[in-house]
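Where a number appears in this text, it was derived from the coordinates with a stated rule and is not lab data. Being a predicted model, the structure only gives us computed values, none of them experimental. A quick note on method: Cβ atoms are made from the backbone with ideal geometry, for glycine too, and the neighbour counts reach across all protein chains shown.
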Amino acid sequence: MLQTFSEPKTSKMAIPIVKAPPMVRISNAVKRFPGLGRKEMLVALDHVTVEIPRGEFVALIGSNGAGKSTLLSIVMGTMLLDEGSFHIAGEDMTNRPSWERASKVALVRQNPEHNVLATLSIEENFALAMMGRAGRFPLKRYKREAVRHAAHAALSRFGMGLESRMAEAAGTLSGGQRQAVAMAMAAVREPQVLLLDEHTSALDPKRARVLREVTEQVVRESGMTTMMVTHDMGHALAETDRVLMMHRGRIVMNLSGTEKNALTVPELASRFEHLVGEALSDRTILANAG
Ligand SMILES: Nc1ncnc2c1ncn2[C@@H]1O[C@H](COP(=O)(O)OP(=O)(O)OP(=O)(O)O)[C@@H](O)[C@H]1O
Ligand SMILES: [Mg+2]
């Protein structure tokens, strides 16, 4: 009698494929702030749920007050959620304070003055950034040569001559130069998640373009999972893997792949208007004019 097998023999030996968790998982996130009235609460994040795979470059766009910076603050740990949960690479970070995330997350803010310590030299700023890599109360001190080498390599990419000014106080730098230093410092820390909150918006167009280009190079080469807040929808559509459109504390669009790639800025704006019943804020329209 012929023996038959319904499945190949090897299937019994098959090793189950365990899917790696996404780099960022935000589930039902709610953040409220006291409003103007005595009992009134303002809902800055209204049950936000989103997953960001490892290595993805994500743009957060949307009108003023939509909740973009609040979402980054939740990831950074400078604010904690009122409801919901937040994981990095499968690890529950919901109630962990910011200093426990120092080795995992780096943030470049919009205001250049908030990103570097003005009274320290550029090199000293880098030394602090690199110490932050070790996490809480790091005892590991980096050798001066190692700091110089990393800082030199990271700064030379900007073509601003900053690598030859490392002994100067960071306070002597212009806004654009400070943002370049901040971006370079974030890169040498090699965080799992890089957060950029309108990091080019305080700069003149030429400097902003250079910083955007270097940002793309750094993000792509390092493979860091990146969440970038921007009002420039054209840049978001063209250069990132996913576009999250926020409005009044909610993610109203989550675009990726061919759907995102096929969209133009006017189509995105009209889709937004159709969806929420109002136009984008003046600032977003201005950032996309011309
Ligand atoms: N610390 C705070 N205290 C009180 N309200 C806050 C605080 N931070 C944010 N908010 C409010 O939460 C809402 C979302 O603010 P958020 O800064 O996240 O918006 P955004 O999308 O970053 O806007 P923009 O594009 O103007 O930067 C706004 O209504 C804002 O006024
Ligand atoms: Mg903001």
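Among the listed pairs 68/104; 104/206; 104/260; 39/68; 68/260; 31/104, those with a Cα-Cα distance over 26 Å are 104/206; 104/260.
Where does segment 68-187 land on the Kirkwood hydrodynamic radius, alpha-carbon pairs, in angstrom?
After inverting the pairwise mean of 1/r, the radius is 15.4 Å.
Each Cα pair under 8 Å and six or more residues apart adds its sequence gap; the mean of these over the residue count of the chain is a relative contact order of 24 percent. Listing 235, 149, 274 from fewest to most neighbouring C-beta atoms within 10 Å gives 274, 149, 235. Rounded to whole Å, the principal axis extents of the Cα atoms in the chain read 86, 51, 43, largest first. Ranking of 157, 38 by neighbouring Cβ atoms within 10 Å, starting from the fewest: 38, 157. Only helices enter the 222 nm calculation for the chain: every DSSP H run of n ≥ 4 contributes -39,500 (n - 2.57), and dividing by all residues gives -10000 deg cm²/dmol, rounded to 500. When the chain is treated as a GNM with alpha-carbon contacts under 10 Å, the residue of 275, 162, 72 showing the greatest mean-square fluctuation is 275. Structure remark: mean-square fluctuation, Gaussian network model of the chain, C-alpha springs under 10 Å; the largest value among 184, 127, 20 belongs to 20.
Residues considered: 143, 104, 68. Largest GNM mean-square fluctuation over the chain, using C-alpha springs under 10 Å, is found at 143.
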